[in-house]
Structures are given as C-alpha cells and as structure tokens.
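Enquirer: Below are the structure tokens for one structure; questions will follow.
The values are calculated or read from the model by the stated rules, or taken from the named source; none is laboratory data. Note that the coordinates shown come from a computational prediction; the quantities given were computed from them, not determined experimentally. Cβ placement follows ideal geometry from the backbone for every residue including glycine, while neighbour counts extend to all protein chains displayed.
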Amino acid sequence: MRKIGKTTGFWPVQTGVWILAGCLNYFAQQFNSGMPVSVILLNAAGLVGGGFAITSIYRYYLKQQNNQFKLQASKFILSLLGSTVIQSICWLALLWLIFLPTIFKYHIGTVQFCLNFIPLTGVLLIWNLVYIGYHLLRQYHTTEVERWKLEAEIQKARLGALKSQINPHFMFNALNNIRALILEDPQVARDMVTKFSEIFRHALQHSEDKEITVAEELKILSQYLELIRIQYEEKLQYQVNADNSILSETMPPMILQLLAENAVKHGVAASPSGGEIIVDIKRTCNKLLLIVKNTGTLSPKKQLENNLGIGLKNITERLKLLYDNDASLSMEEHPPYVVVTISINKYD
C-alpha cells in the first residue's frame, strides 16, 4: 500500500494554494484593515511562509510515520484535532516572531494577536481534512482494487482447478471404453481413438477460455455422442435441437459434454435396453437454457444424487464462479425422462 505523501504533484499544489491564500489575505487587509502596506505584506508573507512550512512539516511527519489512518473513528478525530491545535500554536508562535518588531510600534495587544489562533486553526483544519481525506480515498480505492485483483486470481485458480478435474474424468472413462474394444473390434476402437483425439484437442484449445460459442460446443458434443454410440451401438439414441439464431451465443466449454456423460452413465448404461438422450438449447425471455434429457428415473433420488459425484457438482461450481447468481442448475424427473436444466441469464 502506498505511503502517505507519495502523491505526484503535491508541491506545485501546495505552493499554489498558499500563494493564493497570501494574495487573498493581502487584498482583504489592504481594503479593510487600514494598516500600512509594509505590515500587510508582512502579514501575507507570514501567512504564506508559515502555512507552507507548518503543513509541509506535518506532511513529512505523516510520511515518516507511514500513517494509514486505521484508528477508530473517535481516536482519529481526536488525533486530527490535536495535531491541528499543535500546528496552530506553532504557526502563531512563528507569526509572533515575524511581527515582534511591529507589535509595540502599532500597539497590537497580546489578546488581540492571540485571537488569530481561531482563523489559523480553521485554515489548518481545512487543509488537514482535504489532505488526509484525499489520501483516505486513495487508500480505500487501492484497497478495493487489490481486493478485486486478489478475488479475480482466486476465481481464476478455482476455475482452472475445476477444469482440470473434468478432463481426467472424461479421459479415464473414454480410455477404459477404448481398451475394452481393442480386442473385440479393432476398427471400432480406432474410430473411437480418432473421435477421442478430436475431443481432447478441443479441450486443450479451450483450456483457458471461460466461454465458447454454442456452435463450438455442439460440434464437440456431437463428437462425444458419436464416440459413445460406437460403444453402445443401437442402445443409444440421441438428438440435438438448437435454433440457428443462438449458435453465436456463448457458454462455458465442455458443459454439455459433461451433462451428456452423466446422462449416459445414469440413463443409458443403467438400462439393459439402453435409452435416449435429447439436448435442447433455447432462448426463453432473458435466459439461455441448456437442457439435457435422458430416459431414466431419479428413484431413489438421494442415492442417484450421491452417485452423480464430480459431474454436476463441478458444473454448479463453475457456473457460480462464472455467473454468480445469474446461472443455475436444476434436476427434475418428467417420466420417462430425467431432465437437467442449466439457466444462464444473458439478456438483461
């Protein structure tokens, strides 16, 4: 965090402000006080020089203390008022030395002279409030920027960790399937390797992307479903429905592939006769809906949710990181289908 006093342009502003204050004081005294010009000039010089010196010394003190103003409000106010009073006393003492030769000449009383303490205190209080207030705002802004940067880095790290969980999970299942088919049907195994390499290349290409287009996601989804259909043959039927108008919309990569993988695992693979997977992508009101249906059941619901494991939990966490509360995942049973719906608010 920046130390107080590191502000660029302080000295030009400091010099300009006190010269302006001296000029204003000079003209005000010349037209109202009736004092000789020499005294008015001396008074203006004391105002400029004293104010400049006192506030510069106070700034140097704050800089040396590396004061970040983290005191409680009451202590901070007492500290501000106390330092302002001390500054005023020092400034008044400096003015006394400057005016000492003229005090007796013009019969300036001690009480009358000391009354200058009030306006001096007011001027210094304004200076201190402006100076310290400026640095408090800069400190708050810097803290907020650092906090957001830190949160962004944490979010990026968490999102990367979640993505790294998806690929090994999919690779493990795909390689197991290919291994099972190598001896049984080498040609089918080779086709699976080809499609698997396409999917893996897609995952590598978009490993750093938070979002890709719906068209890109559907392309890799088709590769995945074809890969799975090689294994299950007639047991797996699928269809993908998406309007051309939303193909350019964006969504998180590999989400549909992961939903389809869960659908195969808990729907098609769980039934001796296989099943069907239906993917619908549509726009409703202000939301992009990603819907994956598979033949099956949620009964017993709790057991099935526990068995879903990393898949849907991973998707839920990724959606939270990417969209916060603007995205959700739900899972329902509409016989004969289990329906998983991802809703992303993208059209506000």
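Enquirer: Given the conditions (1) in contact with a helix residue (DSSP H, G or I) (Cβ under 9 Å, 6 or more places away or on another chain); (2) basic (Lys, Arg); (3) at pLDDT below 85, which single one is not true for ARG201?
Expert: Unmet for ARG201, out of (1) in contact with a helix residue (DSSP H, G or I) (Cβ under 9 Å, 6 or more places away or on another chain); (2) basic (Lys, Arg); (3) at pLDDT below 85: (1).
Enquirer: So which residues in segment 36-69 are surrounded by fewer than 16 Cβ atoms within 10 Å (Cβ to Cβ) and either among the aromatic types (Phe, Trp, Tyr) or at pLDDT below 75 (or both)?
Expert: Of everything in segment 36-69, those that are surrounded by fewer than 16 Cβ atoms within 10 Å (Cβ to Cβ) and either among the aromatic types (Phe, Trp, Tyr) or at pLDDT below 75 (or both) turn out to be PRO36, VAL37, SER38, TYR60, TYR61, GLN65, ASN66, GLN68, PHE69.
Enquirer: Taking segment 40-61, which residues are under 14 Å from ASN128 (Cβ atoms) and of a type in the set (A, V, I, L, M, F, W, C)?
Expert: ILE54, ILE57
Enquirer: Given the residues ILE228, ILE199, ILE178, ILE220, which is the only one that is among the β-branched types (Val, Ile, Thr), under 28 Å from VAL338 (Cα atoms) and not assigned by TED's automatic domain parsing to the domain that holds VAL339? Walk me through it before giving the result.
Expert: Details: ILE228 fails: not assigned by TED's automatic domain parsing to the domain that holds VAL339; ILE199 fails: not assigned by TED's automatic domain parsing to the domain that holds VAL339; ILE220 fails: not assigned by TED's automatic domain parsing to the domain that holds VAL339.
The match here is ILE178.
Enquirer: Another question, if that's okay. Mind listing whichever residues of segment 177-189 are assigned to a helix (DSSP H, G or I), surrounded by 13 or more Cβ atoms within 10 Å (Cβ to Cβ), at pLDDT 80 or above and not β-branched (Val, Ile, Thr)?
Expert: ALA189 - this is the single residue of segment 177-189 that is assigned to a helix (DSSP H, G or I), surrounded by 13 or more Cβ atoms within 10 Å (Cβ to Cβ), at pLDDT 80 or above and not β-branched (Val, Ile, Thr).
Enquirer: Go through the residues of segment 269-292 one by one and say whether even a single one is modelled with pLDDT under 80 and either outside any loop (DSSP other than H, G, I, E, B) or assigned by TED's automatic domain parsing to the domain that holds VAL338 (or both).
Expert: Here is the first cut: in segment 269-292, the residues modelled with pLDDT under 80 are none.
Taking every residue of segment 269-292 in turn, none turns out to be modelled with pLDDT under 80 and either outside any loop (DSSP other than H, G, I, E, B) or assigned by TED's automatic domain parsing to the domain that holds VAL338 (or both).
Enquirer: Would you please list the contacts, defined by Cβ atoms under 9 Å and residues six or more apart or on different chains, that run from a residue in segment 293-318 that is in a loop (DSSP other than H, G, I, E, B) to a residue that is modelled with pLDDT under 75?
Expert: Qualifying pairs under 9 Å: GLY296/LEU304; THR297/LEU304; LEU298/LEU304; LEU298/GLU305; GLY309/HIS169.
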